[in-house]
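Read the figures in this text as sums done on the coordinates, not as results from a lab. No experiment lies behind these values; they were computed from the predicted model shown. Note that each Cβ is placed from the backbone with ideal geometry, even for glycine, and that neighbours are counted across all protein chains shown.
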Amino acid sequence: MNGPAPIPVRTHPVGRARAAAARTVMDQVLRKVDVDVLTDPARATAGRPAIVMHDPDSFYARLGASHKVAVGEGYTEGDWSPAPGHDLAAVLRPFAERLGDGLPRPLRAMRHLADQALPRSTRNTLTGSRRNIEAHYDLSNEMFAAFLDPSMTYSCALFDENEPWEDQTLTDAQLRKTDAALDRAGVGEGTRLLEIGTGWGTLAIRAAERGAEVVTITLSREQAAYAEKRLAEAGLSDRVEVRLQDYREVDGDFDAVVSIEMVEAVGEEFWPTYFGTIDDRLAPGGTAVVQAITLPHERYLSTRNTYGWIQKYIFPGGALPSVQAVERACAGHTALRVRSVHAFGQHYAETLRRWRTAFLAAWPTVEELGFDDRFRRIWEFYLAYCQAGFSAGALDVDQIVLDRPPRGPVAAG
């Protein structure tokens, strides 16, 4: 399982010119970023992040061809690596900290000229969404089980701020997050709950244990089968209906809607439809909770609809909103209004650190499932890259509580 084809390393004159320009730009970035870039690993020091360039010509050729793909692809293809004894997330974090000002201002203003647009082939139409979801979530239940905690929860955990995080299990933190979302949505005995994005069934199980009647939807056949098995084993199948269904195809009225890290897979083009569906399905006076990975608004504006390494290798069709973008989508297309926002981005850095540690420790098991060493490097970079983004504050995660106001009384005619 090799993943998408990497950027061809260009050798014709245009490619060489772009590579030279990319090297000049990177030299300016490195003046502001607290990372040593070395060709001799023996020169690395313990107190300063350091990477080793194994093939600079190849890396700068990639950077000249696609600056938002090149860093990750350069790692997976062996152009560079952390210096011995240096952690991958730690060497990426200084770059994440300077995303806003790493480039000189004139170059920042011209950055859009080098950006690639999202391929139309990854649009999240009804058929496109199924294809995009299958590309990630149907890789293998066994692969995900190798590094997720026993709750099989693939979203940000919520640690207890009053206790040392190292003393807390990931399972407890994941269930704390799930319960927080259900609490904020007011889910209890008799609640009619719609869950958009089943995952492997944990939230549906927790909601059913509270006495809720749950409809949970997913486009992943692997996840649906796994969730149904867990529900049957827990004796909760009579309270939960698992549907292999797109959110645009759901019918019914619900007292609450919960969607955990699903909006990122919707695509900006379809955010009005996504929030409009929540609005349509939510009973008057109901509450929705959307847990979303978010960008600062200025970063969202500068990167919206651009194609990067994550979209190419991990989440085709993916797009991250800002909280303001969520507010605008709701205000412009629905009766939903944001009641509160609960941010906990540093918890995601810790969640990702634990996932990456577990993934690398479990690699022999994953490899036996048929995944190759390039897949390992892709997923190692994905988890480290995201960890660096959250720890640096370049990314956040929020539980966004949305209210649908009750309909007012009908005036006498």
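FRET efficiency for the pair residue 248 and residue 39, taken as 1/(1 + (r/R0)^6) with r the Cβ-Cβ distance and R0 = 41 Å, rounds to 0.20. Put simply, the chain fits an ellipsoid with semi-axes of 39, 24, 20 Å; these come from the alpha carbon gyration tensor as the roots of five times its eigenvalues, largest first. The aspartates and glutamates whose alpha-carbon is closer than 16 Å to the alpha-carbon of residue 312, local same-chain residues fewer than 8 away aside, are 73, 77, 115, 134, 264, 380. If one puts a single equal scatterer on every Cα of the stretch 146-251 and applies the Debye formula without solvent, what log₁₀ I(q)/I(0) results at q = 0.18 Å⁻¹? After summing over all Cα pairs, the log10 values are -0.87.
About its Cα centre, the chain has a charge dipole of approximately 1700 debye under the convention of +1 per Lys or Arg Cβ and -1 per Asp or Glu Cβ, with nothing else charged. Between residue 225 and residue 268, the simple spin-label model (points 7 angstrom out along Cα→Cβ) gives 3.7 nm.
Applying 1/(1 + (r/R0)^6) with R0 = 30 Å to the Cβ-Cβ distance of residue 161 and residue 234 gives a FRET efficiency near 0.50.
Residue separation times 0.36 nm, minus the C-alpha to C-alpha distance between residue 21 and residue 361: what's the value?
Length gained, residue 21 through residue 361: 118.4 nm.
Summarising the label geometry, the points placed 7 Å from Cα in the beta-carbon direction at residue 126 and residue 171 lie 4.1 nm from one another.
Full extension of the chain between residue 134 and residue 29 yields a length gain of 34.1 nm, computed as 0.36 nm times the residue separation minus the alpha carbon distance.
Residues whose amide H falls under 5 Å from that of residue 339, counting only those 5 or more places apart or on a different chain, are 401, 402, 403, with hydrogens built in the peptide plane. The modelled label-to-label distance for the pair residue 299/residue 335, using points 7 Å beyond Cα in the direction of Cβ, is 3.6 nm.
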